[in-house]
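Peer 1: Here it is, the structure in full.
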Amino acid sequence: MVKLTLLRHGESLWNQKNIFTGWVDIGLSSTGIKEATKAGKLLAKHKLTFDFSYASVLKRSIKTLWLCLEEIDQPWLPTTYAWQLNERHYGGLQGMNKKQVLAKVGQEQFLLWRRSFATRPPSIKPGDQNFVAWDQRYQGLAKNRMPRTESLSDTCDRVIPYFLKEIQPKLLAGHNVLISAHGNSLRALIKHLNQVSDEAIVKLEIPTGAPMVFEFQKKRQQLQKIKDYYLK
């Protein structure tokens, strides 16, 4: 049996203020730091250890991972930081208060942008202060692959292939893996792992700082899920 643990980062400063965050690099709030530490304590309580860990390239994900690894005394764990695990890119909505957007465009359009599977928000403009295309951490990303907005479907299109190529082989080799990521990148993974429909996945809520464990067994060079559960 092998285990994959998924963890949504602790509350960020913009989560706290109800602001669309996406690829903007916002840190954890004091509550988020406590959530990440508590998550690590849960991992320690259940005696979970890992062979590899992954995080996005956004510091709220990275800091959450570091705090967890400190709690389980594995700060040395081989870790990969991948933009493919970033939060969904919310385009021109990034930096905007959700209540204000709702009041401006109405509930129908707001829900399409925020919760539908295939609808993208308006694209971010190059002059926007939250435009990150020239950030050093994305220098290896081809310009035609740099998103300016994403639907949840688009997020799945980058997260799932990365998982299949980079992470699944480690699980098949018998290694336990910890992933610290974001609400929508984890939705994409859970959609794949649990074969969730397009309609159902948008309704799935993933709490911050709550480790979710998938247990697998290897069968004919494939992963066969045994069960999944949140640690308590």
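The values are calculated or read from the model by the stated rules, or taken from the named source; none is laboratory data. Not measured: the values here are computed from a predicted model. Glycine also receives a Cβ, built like all others from the backbone with ideal geometry; neighbour counts cover every protein chain displayed.
Peer 1: Exactly one condition in (1) part of a loop (DSSP other than H, G, I, E, B); (2) touching a Ser or Thr at 6+ places or on another chain (Cβ under 9 Å); (3) on the phi < 0 side of the Ramachandran plot is false for Leu178; which is it?
Peer 2: (1)
Peer 1: Filter the range 14-34 down to the residues that are farther than 25 Å from Ser151 by Cβ and surrounded by fewer than 23 Cβ atoms within 10 Å (Cβ to Cβ) and list them by number. So that I can check it myself, show each step before the final result.
Peer 2: Residues of the range 14-34 that are farther than 25 Å from Ser151 by Cβ, as a first pass: 16, 27-34.
If the condition is that a residue be farther than 25 Å from Ser151 by Cβ and surrounded by fewer than 23 Cβ atoms within 10 Å (Cβ to Cβ), then Gln16, Gly27, Ser29, Ser30, Thr31, Ile33, Lys34 are the ones that fit.
Peer 1: What tally of residues in the range 34-65 results from selecting those that are outside any loop (DSSP other than H, G, I, E, B) and either on the phi > 0 side of the Ramachandran plot or not basic (Lys, Arg) (or both)? It would help to see each step written out before you state the result.
Peer 2: Going residue by residue through the range 34-65, those that are outside any loop (DSSP other than H, G, I, E, B) are 34-45, 52-55, 59-65.
From what is left, the residues that are either on the phi > 0 side of the Ramachandran plot or not basic (Lys, Arg) (or both) are 35-37, 39-40, 42-44, 52-55, 61-62, 64-65.
So the answer is 16.
Peer 1: If you don't mind, there's one more thing I want to ask. Have a look at Arg120, Arg88 and point out the one that is closer than 24 Å to Thr64 by Cβ, buried (at least 17 other Cβ atoms within 10 Å of the Cβ) and not polar (S, T, N, Q). Write out each step before concluding.
Peer 2: Numbers: Arg120 fails: closer than 24 Å to Thr64 by Cβ.
Arg88 is the lone residue from the list that is closer than 24 Å to Thr64 by Cβ, buried (at least 17 other Cβ atoms within 10 Å of the Cβ) and not polar (S, T, N, Q).
Peer 1: Could you check the range 77-121 and list, in sequence order, the residues that are part of a loop (DSSP other than H, G, I, E, B), closer than 30 Å to Thr49 by Cβ and in contact with a strand residue (DSSP E or B) (Cβ under 7 Å, 6 or more places away or on another chain)? Explain how you work it out, then say what you get.
Peer 2: Taking the range 77-121 and keeping what is part of a loop (DSSP other than H, G, I, E, B), we get 77-78, 82, 86-90, 94-96, 106, 116-121.
Okay, now just the ones that are also closer than 30 Å to Thr49 by Cβ, so 77-78, 82, 86-87.
Selection gives Leu77, Pro78, Ala82.
Peer 1: So, in the range 190-213, how many residues would count as being under 20 Å from Leu43 (Cβ atoms) and in contact with a helix residue (DSSP H, G or I) (Cβ under 6 Å, 6 or more places away or on another chain)? Give the steps one after another, and end with the answer.
Peer 2: So the first thing to find is which residues in the range 190-213 are under 20 Å from Leu43 (Cβ atoms), and the list is 190, 193, 206-213.
Those left that are additionally in contact with a helix residue (DSSP H, G or I) (Cβ under 6 Å, 6 or more places away or on another chain): 206, 208-209, 211.
The qualifying residues number 4.
Peer 1: Something else about it: So, in the range 134-172, exactly how many residues are of a type in the set (S, T, N, Q) and under 19 Å from Trp113 (Cα atoms)? Break it down into steps so the answer makes sense when it comes.
Peer 2: At the first step, the residues of the range 134-172 found to be of a type in the set (S, T, N, Q) are 136, 139, 144, 149, 151, 153, 155, 168.
Those left that are additionally under 19 Å from Trp113 (Cα atoms): 149, 151, 153, 155.
Residues flagged as of a type in the set (S, T, N, Q) and under 19 Å from Trp113 (Cα atoms) within the range 134-172 amount to 4.
Peer 1: Inspect all residues belonging to the range 124-136 and state whether any of them is surrounded by fewer than 17 Cβ atoms within 10 Å (Cβ to Cβ), under 19 Å from the mean Cα position of the chain (by Cα) and charged (D, E, K, R).
Peer 2: No, that holds for no residue.
Peer 1: Okay, next question. Would you check which residues across the range 78-133 are touching a residue at least 60 places away in the same chain (Cβ under 8 Å), more than 26 Å from Phe163 (Cβ to Cβ) and small (Gly, Ala, Ser) and list them?
Peer 2: Gly95 - this is the single residue of the range 78-133 that is touching a residue at least 60 places away in the same chain (Cβ under 8 Å), more than 26 Å from Phe163 (Cβ to Cβ) and small (Gly, Ala, Ser).
Peer 1: Evaluate the range 105-127: report whether one residue or more is in contact with a Cys (Cβ under 9 Å, 6 or more places away or on another chain) and within 29 Å of Ala200 (Cβ to Cβ).
Peer 2: Just the residues of the range 105-127 that are in contact with a Cys (Cβ under 9 Å, 6 or more places away or on another chain), to begin with: 117.
Now restrict to residues that are within 29 Å of Ala200 (Cβ to Cβ): 117.
For the range 105-127, residues in contact with a Cys (Cβ under 9 Å, 6 or more places away or on another chain) and within 29 Å of Ala200 (Cβ to Cβ): present.
Peer 1: Any residue in the range 46-53 that is modelled with pLDDT of 95 or more and under 14 Å from the mean Cα position of the chain (by Cα)?
Peer 2: yes
Peer 1: Of the residues Lys99, Lys17, Lys34, which single one is basic (Lys, Arg) and touching a Gly at 6+ places or on another chain (Cβ under 8 Å)?
Peer 2: Values: Lys99 fails: touching a Gly at 6+ places or on another chain (Cβ under 8 Å); Lys17 fails: touching a Gly at 6+ places or on another chain (Cβ under 8 Å).
It is Lys34.
Peer 1: Quick check on Val159: is it in a loop (DSSP other than H, G, I, E, B) and within 19 Å of the chain's Cα centre (by Cα)? Can you show your working first?
Peer 2: Numbers: in a loop (DSSP other than H, G, I, E, B): no; within 19 Å of the chain's Cα centre (by Cα): yes.
For Val159, the condition - in a loop (DSSP other than H, G, I, E, B) and within 19 Å of the chain's Cα centre (by Cα) - is not met.
Peer 1: Need the failing condition index for Gly140 against (1) modelled with pLDDT of 95 or more; (2) over 14 Å from the mean Cα position of the chain (by Cα), just the number.
Peer 2: Going through (1) modelled with pLDDT of 95 or more; (2) over 14 Å from the mean Cα position of the chain (by Cα) one by one, Gly140 breaks only (1).
Peer 1: For the range 206-220, does any single residue satisfy the condition of being outside any strand (DSSP E or B), aliphatic (A, V, I, L, M) and either more than 19 Å from Thr119 (Cα to Cα) or modelled with pLDDT of 95 or more (or both)? Even if it seems obvious, please write down each step before you answer.
Peer 2: First pass over the range 206-220, keeping only residues outside any strand (DSSP E or B): 206-211, 220.
In the following step, the residues that additionally are aliphatic (A, V, I, L, M) were identified as 206, 210.
Of the ones still in play, those that are also either more than 19 Å from Thr119 (Cα to Cα) or modelled with pLDDT of 95 or more (or both) are 206, 210.
Yes - at least one qualifying residue is present in the range 206-220.
Peer 1: Now for a separate question. May I ask you to list the residues in the range 16-30 that are free of Cβ contacts under 8 Å to residues at least 24 places away in the same chain and in a loop (DSSP other than H, G, I, E, B)? Break it down stepwise before answering.
Peer 2: First, pick out the residues of the range 16-30 that are free of Cβ contacts under 8 Å to residues at least 24 places away in the same chain: 16, 29-30.
If the condition is that a residue be free of Cβ contacts under 8 Å to residues at least 24 places away in the same chain and in a loop (DSSP other than H, G, I, E, B), then Ser29 is the only one that fits.
Peer 1: I would also like to ask the following. Enumerate the pairs (first residue in the range 47-72 and more than 13 Å from Glu87 (Cβ to Cβ); second residue anywhere and of a type in the set (Phe, Trp, Tyr) and at pLDDT below 95) with beta-carbon separation below 8 Å, excluding pairs fewer than 6 apart on the same chain, so at least 6 apart or on different chains.
Peer 2: none
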